[in-house]
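All remarks here apply to the structure that follows.
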Amino acid sequence: MRYESPATTKEACALLAKEKGSAFVLAGGTDLLVKMKAGMLEPDLVVDIKRIKGMREIRKSASGFVIGAATPNAALSENAALLKAWPGVVEAAQLIGSKQVQGRCTMAGNLCNASPAADSVPALVAAGAKVVVAGTKGKRKLAVEDVPAGVGRTVLKRGEIIEAIELPAKKAKSGDAYLRFIPRTEMDIAVVSCAVNLSIDGKGVITAARVALGAVAPTVLLVKEAAKALIGSKLDDAAKAKLAAAASAACRPIDDKRGTVEFRTDVAGVLARRAAEIAYARAGGK
Amino acid sequence: MSAVLVKTTINGDTVEYACQPDEPLLDVLRNRLGLTGAKEGCGTGDCGACSVIVDGRLVCSCLVLGAEMDGKTLETIEGMADGDKLHPLQQQFIDHAALQCGICTPGFLIAAKALLAKNPDPSEEEIRFGLAGNLCRCTGYDKIVRAVQAAAKEMRGA
């Protein structure tokens, strides 16, 4: 195996594109090194992107936040503006692993690892986040929900890396939230998860919403029917019932040791309702 | 595989080493530098026995490559005591009998040090969450939590 730590994204893409054997990006390494240890991967090349300028920075602008792809999740809650604007995204990212894992793991890595149960991904999808993908032929932007192609697979081509995650600026009277079900209190993988991001008007009526579910399909789901159930309501009981039904209807989960199809389908509705209640309160609704 | 040359700072000392590109930092510390305080429990970032602090962030040294450490600042358990004088956390672990077999202890001490650096007055819940990435199969955790509470109090000068 070769280890490279280039100084620019361009160099990183060129190294990855040129490698004839197996090549992997190293950001936090909390998935990559575990897979190497288990013998699941035997890389010929590992490209450490942490020495590339801006990769470990959170930048705030008028259009929102740009989070460098190698920013460790522990840095997210230390950014007061980010925490205030997107508490659901920060909470989701910080549910991953232990403090030790938080010191290394990244949201971009969470996305590229492409686990259906990735905690930060539903929250990013609900927030309407985009990723900046750099390749040897230039850059392109993708919506977060368009990155996973299946379990453990993404749409990124050889020589492409995620350079940054872009979160939009927080709208007035909006709020986001993320909840997951695990049988423990921490250090576990989501059995079902749900993120809700919504905006309200002066009367408390929901004007826009995005609802995303995790761990109930091969990839994270953006559930438009669930969002529709919220829009135009004041999150009354009827709207919550419609939301829960739409969330459950969208589930295509598997049975495994962590949860059955029936359990996951039912709990998706429960989490959607509860996450919507938190997001609504954060938006200033009563 | 060609070796990677690394120059880093460990517990205040400049250290140079050559390691294999896929060699975990934990193996570099233990096998090349003789710093055997960090232990390998699981090797997959679940148990925290190999905890070290890199540029102020708590990490599992089994989930870091030695090759990544060039120009970094590393704190390990070997740098925790000041000569013969134990760090308050170390002394309180002894006073509270917060260990039995001791394999997890260096990781707990480093993780507790990182926790108190960010939060000098943590609640019991914050301590338990903060140390959730460190597994102990002997103590049942309670004495560890009491030792950290006592050390936090001592370090705040309260």
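Values in this text are rule-based calculations from the coordinates and carry no lab data. If you're wondering where the values come from, they're calculated on a predicted model, not measured in any experiment. All Cβ positions, even for glycine, are placed from backbone atoms using ideal geometry, and neighbour counts span all protein chains on display.
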Distance in Å, no decimals, from the C-alpha centre of the stretch A:221-252 to the one of the stretch A:1-50 is 41
Here the relative contact order (percent) of the stretch B:88-156, from C-alpha pairs under 8 Å and at least 6 apart, is 53
Inter-part gap, Cα centre of the stretch B:12-73 to Cα centre of the stretch A:121-179, in whole angstrom, is 31
Around A:ALA217 (Cβ within 13 Å, Cβ-to-Cβ, excluding A:ALA217; K/R +1, D/E -1) the net charge comes to +1
Around A:ARG274 (Cβ within 14 Å, Cβ-to-Cβ, excluding A:ARG274; K/R +1, D/E -1) the net charge comes to -1
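Compute the normalised compactness of the stretch A:174-282: alpha-carbon radius of gyration over 2.2 N^0.38 Å, N being the residue count. Numbers along the way, then the final one.
Details: Rg = 13.4 Å, N = 109, 2.2 N^0.38 = 13.1 Å.
Computed over Cα atoms of the stretch A:174-282, the ratio equals 1.02.
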Rounded to a whole number, the mean other protein chain Cβ count within 10 angstrom for residues of A:29-36 is 5
Here the net charge surrounding B:SER51, from other residues whose Cβ is less than 14 Å away from its Cβ (Lys, Arg +1; Asp, Glu -1), is +2
Shape descriptor, the stretch B:34-158: equivalent ellipsoid semi-axes (Cα gyration tensor, sqrt 5λ, whole Å, largest first) stand at 22, 16, 14
The answer for GluC sites (Glu not before Pro) in the stretch A:48-151 that fall in a DSSP coil and have at most 14 neighbouring Cβ atoms within 10 Å is A:GLU57, A:GLU78
In deg cm²/dmol, rounded to the nearest 500, the helical mean residue ellipticity at 222 nm of chain A, built from -39500 (n - 2.57) for every DSSP H run of length 4 or more, is -9000 deg cm²/dmol
Among trypsin sites (Lys or Arg not before Pro) in the stretch A:179-215, those in a DSSP loop whose Cβ has at most 14 other Cβ atoms within 10 Å are A:ARG184, A:LYS203
With bins of 20 Å, the percent of all Cα-Cα pairs of the protein assembly as shown per bin from 0 is 25, 54, 21, 0
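Could you tell me how many cubic angstrom of Cα convex hull volume the stretch B:88-156 has per residue? Display every interim value, and only then the final one.
Working: hull volume 4.8 nm³, N = 69.
Here the figure is 69 Å³ per residue.
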Counting other chain Cβ atoms within 10 Å of each Cβ in B:60-70 and taking the mean gives 6
Scattering profile of the stretch B:4-79 from the Debye formula, Cα beads only, expressed as log10 I(q)/I(0) at q = 0.17, 0.20 Å⁻¹, is -0.53, -0.75
Counting other chain Cβ atoms within 10 Å of each Cβ in B:128-135 and taking the mean gives 4
